[in-house]
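The values are calculated or read from the model by the stated rules, or taken from the named source; none is laboratory data. Just so we're clear, the structure is a prediction, and the values are computed from it rather than from any experiment. A quick note on method: Cβ atoms are made from the backbone with ideal geometry, for glycine too, and the neighbour counts reach across all protein chains shown.
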Amino acid sequence: MSLYLKHLTVHKSDGSTLFAELNMSIDSGEVVSLMGPSGCGKSTLLDIIAGHLSSEFTYQGEVRLNERRLDSIAAHKRKVGILFQDDLLFPHLNIWENLAFALPNSVKGVQRKQQAIEALQQISLSQLADSYPEQISGGQRARVSLTRMLLAKPEVALLDEPFSKLDKQLRAQFRDWVFEQLKRANIPALMVTHDEQDIPSDSVTLNWPWESTHAR
């Protein structure tokens, strides 16, 4: 599996260029980290891949995931998983229900709860199955959030500063766990961060301006 960007150029509604000629490829199990100042287009790039680009931007170029052109595919069918700064768990659903929500439609009936409980067991949080997001810690919510994303069987993971709101001790522990889970999932991952300490040692890093490319 691979994510492939070719000659990607983004324009603002006033005609100015946000960034131009970005070329990048990310293979299965690989994490590419993107760094740059606020407003340079990091989150906009993630929006393009996920299919949530604001109307104030337009772009040219190719975005392919496993040889599929993503620009012709609806956002909910792109198989793109996103991990944000906030966990975005549904407050009205308990923890197993939050996980079950992400399962493919092919999983029916009691199997949905069963698979959600099994996922909680794998991350040693099965005791929280009937709890609600507000009743568990920030670190626990973060682990549930990543697990929910992976249960949807994404073909690429986008990480939008996912560690920035965690305290220092928890941040390091969660960061290592996230990259371990992504490696197991064996999917390409693109991470936006402001903190060099968040970047795994084997990650290719693109620093602003993104003149260098990571392409094959």
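Quick check on segment 13-57: of everything there that is farther than 25 Å from Pro154 by Cα and in contact with a strand residue (DSSP E or B) (Cβ under 6 Å, 6 or more places away or on another chain), which residue is surrounded by the most Cβ atoms within 10 Å (Cβ to Cβ)?
Among those that are farther than 25 Å from Pro154 by Cα and in contact with a strand residue (DSSP E or B) (Cβ under 6 Å, 6 or more places away or on another chain), it is Phe19.
Filter segment 121-135 down to the residues that are of a type in the set (A, V, I, L, M, F, W, C) and under 7 Å from Ile95 (Cβ atoms) and list them by number.
The answer is Leu128, Ala129.
So which pairs qualify, if the first residue must be in segment 103-121 and within 16 Å of Leu150 (Cα to Cα), the second must be of a type in the set (Asp, Glu) and at pLDDT 95 or above, the Cβ gap must be under 6 Å, and the two must be at least 6 apart or on different chains?
From residues that are within 16 Å of Leu150 (Cα to Cα), there are no pairs.
Tell me, which residue of segment 188-214 that is within 16 Å of the chain's Cα centre (by Cα) and among the hydroxyl-bearing types (Ser, Thr, Tyr) is modelled with the lowest pLDDT?
Ser203
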